[in-house]
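Below is one structure, written out as structure tokens; comments come after it.
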Amino acid sequence: MRVVRGLLALGAAALAQALLSRYVPVAARFCDLFTIMVVYYGLTCPPSAAMAMGTGAGLVEDSLVGSILGMNGFKKTLIGYLVGTIGSLFMLNQAIPRFGILFAATVFDPLAEWGLSVAMGRSFAFPGTLPLLQRGLGNGVLGLLFFWVASRLP
């Protein structure tokens, strides 16, 4: 049942991100639904489930964005592992720690891409500070809303 729920969540996130990017591109710049979903799984499931969700979410994001196949898959897997490990060590069930983890995962995403690009010998244009802060705040607020809605579902 958990796998089916995860696949449905992945499909819903892909559809919502595609629709946001197409019809409301301004709002799509401020949120990354795949990162929010991976952080949710990292905080509510074991690290192995978070890594599996990160791999799936990253590969779906790669197919939607048209980037190097596997780049986002590796980044999201790494985020899922780190959040799952940190979530198993610390109590992160309140709003402020969850917001902090969502913000940190958003900042870590381009850092991981930069490291992978350097390892592959490719150039990478690091996003500016203001867009990164805006995306972190957007992911934090939307992620807290997502956590609240998910806690109310059966």
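Please get the size of the charge dipole for segment 2-152, origin at its Cα centre, with Cβ charges of +1 on Lys and Arg and -1 on Asp and Glu, quoted in debye to the nearest 20. If you can, show how the numbers build up before the last one.
Details: 10 positive and 5 negative charges, 51 e Å.
About 240 debye.
State the Cα centre-to-centre distance between segment 82-154 and segment 1-58 in whole Å.
Each part reduced to its Cα centre gives a spacing of 12 Å.
Between Arg152 and Leu133, what is the label-point separation in nm under the 7 Å Cα-to-beta-carbon projection?
Each label point lies 7 Å from its Cα, and together they span 3.2 nm.
Towards the positive end of the charge dipole of the chain, with charges on Cβ (+1 Lys, Arg; -1 Asp, Glu), say which of Ser63, Gln94, Leu133 has the farthest Cα.
Gln94
Give the span of segment 2-152's Cα atoms along each principal axis, as three whole-Å numbers ordered largest to smallest.
41, 34, 31
Karplus couplings for segment 92-108 from phi (6.51 cos²θ - 1.76 cosθ + 1.60, θ = phi - 60°), rounded to Hz, Gly and Pro as x?
With the stated coefficients, segment 92-108 comes to 10, 10, 9, 5, 5, x, 5, 4, x, 5, 4, 5, 5, 5, 5, 6, 5 Hz.
Cα axis of helix 129-152 to longest principal axis of the chain: angle in degrees, 0 to 90, nearest 10?
Roughly 20 degrees between the two axes.
Can you pull out the chymotrypsin sites (Phe, Trp or Tyr not before Pro) in segment 109-148 that DSSP calls coil and that have at most 16 other Cβ atoms within 10 Å?
Sites meeting the loop and neighbour criteria: Phe124.
Going by alpha carbons, how many degrees (0 to 90, nearest 10) lie between the helix axis of 33-44 and the longest principal axis of the chain?
40 degrees
By count of other Cβ within 10 Å, fewest leading, how are Thr44, Thr77, Thr129 ordered?
Thr129, Thr44, Thr77
Read-outs throughout are calculated quantities, based only on the coordinates presented, and are distinct from any laboratory measurement. All values reported here derive from a predicted model rather than from experimental measurement. Heads up, the Cβs are rebuilt from the backbone with ideal geometry, glycines too, and the neighbour counts pull from every protein chain shown.
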